[in-house]
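The values are calculated or read from the model by the stated rules, or taken from the named source; none is laboratory data. Every value quoted in this text rests on a predicted model; they were computed, and no experiment measured them. Note that we place each Cβ from the backbone using ideal geometry, even for glycine, and neighbour counts take in every protein chain shown. These area figures cover heavy atoms from the full protein model, side chains too; ligands, DNA and RNA do not enter into them. Shrake-Rupley method; radii C 1.70, N 1.55, O 1.52, S 1.80 Å.
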Amino acid sequence: MSTAPTARQPRPARNSMASWTVTLVSILMAFLASLALAAAIGADRLADKWTGDLAYTATLTLPPETTDAEFRKLTDALAVDPGITGYNPISRAAAEKELAVLLGEDASMIKDLPLARMVDVAFRTRARDEAPGLVERLRRAGVSAHVDPHDDFAKRLGAPAAQLLDFAITALAVIAATAALMVALVCGSSLAAHGEMVAVLRLIGARDGYIARIFERPLQINSFTGSALGTALAFAIVVWPNQTVTKATLELAPFLIDLKPRVDDWPSFVAIPLAFALIATLAARVAVAISLRRQER
Amino acid sequence: MIELDNVGLRYPKGETALKNITLTLEPGSLTFLTGHSGAGKSSLLKLLYFAQRPSSGRARILGRDASRVTRDQIAILRRKIGVVFQNFRLLDHLTVFENAALPLMVAGRREAEYRRIVLEMLDWVNLSDKLSERPTALSGGEKQCVAIARAMVTAPELILADEPTGSVDPDMGARIMGLLYEMQQQRRTVLIATHDVELVRYSRMPRLHLDNGEFTEWEVLD
């Protein structure tokens with residue numbers, strides 16, 4: 001008697017076309033999913049920053065004719081105010097620089113414009129709730145200042161960021177549904193192509209779940225491999241240094257953020273191939289269950 | 001083992017395959033089932049391996065009412081039934097060893113457990129030297145031997161053979177019949193569907209004759 005070869009678990013005959021289809025589509029879908037995820041993470045962070053940071057800040061303005069002594073009175077009052085965590089007087093030069101963005105660098109008239117004296121303040125609680133109290137406290141200290149909470153501005157900025165997040169989540173859902181549909185179609189065609197194998201397996205006592213697992217396995221592997229490649233490719237593009245917001249940009253426009261995924265975001269990307277394998281498993285299981293139920297006993 | 005009482009089988013399209021079939025097969029019996037093509041032999045075998053539910057009458061197979069078994073119960077019951085077909089129904093992308101081991105894999109047995117059984121079975125059908133071959137590399141007779149090994153590997157209580165010698169030469173046919181007789185001697189219940197009356201006459205075993213879905217004879221041919 002010769003030595004017996006090792007028997008592997010039953011498997012469908014290799015179908016290169018089906019394997020490549022699942023692998024290539026998984027690469028593309030995972031690539032898109034990774035970009036959508038990066039967009040979702042960025043939009044979420046942007047929405048958080050805009051609605052979070054700005055919700056706790058306000059700008060205090062005093063008339064242009066305010067003297068330095070009066071202005072110092074204000075900053076002294078702010079230094080001991082219990083409702084704020086910090087304040088930052090905006091210099092004339094900084095205000096002119098911001099105006100220059102709107103009016104152009106060559107706008108010589110900026111020098112002659114009467115500019116309000118401004119101070120950025122950060123509150124312990126929401127600016128909208130805290131502003132009236134601050135105005136009253138300043139009034140008692142002999143300072144008349146107008147407080148402009150950033151809440152409304154934050155709300156207006158937060159809305160498109162939240163919409164961007166919704167778009168990204170919708171895109172992820174569509175990608176997941178498309179991947180599931182693709183796997184179900186490939187699984188259905190694989191079952192049809194292996195009708196004899198299915199019939200034989202049932203004849204020798206295989207349960208539906210056992211048959212399902214046989215057809216799931218290659219789809220799981222191809223889907224996981226393809227999506228891992230697609231995710232790696234997209235991740236490389238997303239974290240590519242040239243694509244990031246530079247420090248100089250952030251200094252000029254502090255309300256912007258670097259959308260590049262941070263290290264603590266990386267596990268979300270690792271989850272993409274796992275999610276694809278799970279989707280492939282579930283889609284294949286449903287496709288096999290439907291197909292087997294249609295067949296005779 | 002098998003008790004059919006006035007069983008009828010009608011396919012969904014309305015065609016009547018079996019009528020008023022009453023039959024009892026005792027453990028350890030070997031019975032031939034004869035009849036022309038379309039007489040209902042394959043339909044009766046399908047009913048016995050639970051591929052069809054009786055449309056009327058009462059069928060008890062391996063102690064279970066064939067009308068009431070669930071899909072999962074059928075899977076478990078089929079592990080006690082070995083089926084051999086004229087066209088072998090082997091999986092061409094698996095090796096001889098894998099084909100023969102398939103019912104034990106499906107039953108969840110580990111390779112360490114079934115390896116010896118499968119090797120013994122393939123030795124019994126004289127295919128020890130072709131373990132790694134694919135079925136496409138085998139002759140018709142060798143393929144049928146693999147199918148018999150596959151049917152026997154779970155030590156089933158019931159063996160159903162549908163024209164097992166139909167696609168092999170006479171010498172190999174005699175060898176296959178010899179294997180089926182050996183199964184009966186091991187106290188298996190064997191039912192062999194064939195249209196080869198000479199084979200039945202030579203065996204001197206009882207035969208059931210089907211004609212147009214009904215039993216017309218039950219006899220031992222001399």
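The set of residues from the stretch B:1-17 being assigned to a strand (DSSP E or B) and of a type outside the set (Ser, Thr, Tyr) comprises B:Ile2, B:Glu3, B:Leu4, B:Asp5, B:Asn6, B:Val7, B:Gly8, B:Leu9, B:Arg10, B:Ala17. If I filter the stretch B:45-62 for residues that are without any contact (Cβ under 8 Å) to a residue 60 or more places away in the chain, in a loop (DSSP other than H, G, I, E, B), within 12 Å of chain A (Cβ to nearest Cβ) and of a type in the set (Ser, Thr, Tyr), do I get at least one hit? No, the stretch B:45-62 has no match at all. Screening A:Arg207 with (1) within 23 Å of A:Thr281 (Cα to Cα); (2) crowded, with 16+ Cβ neighbours inside 10 Å; (3) touching a residue at least 24 places away in the same chain (Cβ under 8 Å); (4) not hydrophobic (A, V, I, L, M, F, W, C) gives one miss only, at (3).
Scanning the stretch B:125-136 for residues that are within 20 Å of B:Asp171 (Cβ to Cβ), more than 9 Å from chain A (Cβ to nearest Cβ) and surrounded by fewer than 16 Cβ atoms within 10 Å (Cβ to Cβ) turns up just one, B:Asn126.
Flag not set for A:Ala171, criterion: more than 14 Å from chain B (Cβ to nearest Cβ), farther than 24 Å from B:Ala75 by Cβ and open to solvent by less than 20 Å² (accessible area, probe 1.4 Å).
If I filter the stretch A:63-81 for residues that are hydroxyl-bearing (Ser, Thr, Tyr) and assigned to a helix (DSSP H, G or I), do I get at least one hit? Looking through the stretch A:63-81, at least one residue is hydroxyl-bearing (Ser, Thr, Tyr) and assigned to a helix (DSSP H, G or I).
Among A:Ala131, A:Ala122, A:Ala116, which is the only one that is modelled with pLDDT of 85 or more, of a type in the set (Gly, Ala, Ser) and closer than 21 Å to A:Glu65 by Cα? Break it down into steps so the answer makes sense when it comes.
On the way: A:Ala131 fails: closer than 21 Å to A:Glu65 by Cα; A:Ala122 fails: closer than 21 Å to A:Glu65 by Cα.
Result of the check over A:Ala131, A:Ala122, A:Ala116: A:Ala116.
Among residues that are touching a Ser or Thr at 6+ places or on another chain (Cβ under 9 Å), of a type outside the set (Lys, Arg) and open to solvent by 50 Å² or more (accessible area, probe 1.4 Å), B:His195 is included. Give the stretch A:136-168 a look and list any residue that's more than 17 Å from A:Ile257 (Cβ to Cβ), touching a helix residue (DSSP H, G or I) at 6+ places or on another chain (Cβ under 6 Å) and hydrophobic (A, V, I, L, M, F, W, C), or say none. A:Leu138, A:Ala141, A:Val143, A:Ala145, A:Val147 - these are the residues of the stretch A:136-168 that are more than 17 Å from A:Ile257 (Cβ to Cβ), touching a helix residue (DSSP H, G or I) at 6+ places or on another chain (Cβ under 6 Å) and hydrophobic (A, V, I, L, M, F, W, C).
Take B:Leu77 and tell me if it is buried (at least 21 other Cβ atoms within 10 Å of the Cβ) and under 27 Å from B:Met121 (Cβ atoms).
Values: buried (at least 21 other Cβ atoms within 10 Å of the Cβ): no; under 27 Å from B:Met121 (Cβ atoms): yes.
It is false that B:Leu77 is buried (at least 21 other Cβ atoms within 10 Å of the Cβ) and under 27 Å from B:Met121 (Cβ atoms).
When B:Gly166, B:Gly140, B:Gly108 are screened for being more than 10 Å from chain A (Cβ to nearest Cβ) and over 16 Å from the mean Cα position of the chain (by Cα), only B:Gly140 passes. Restricting attention to the stretch A:37-53, the residues being surrounded by 21 or more Cβ atoms within 10 Å (Cβ to Cβ) and over 13 Å from the mean Cα position of the chain (by Cα) number 1.
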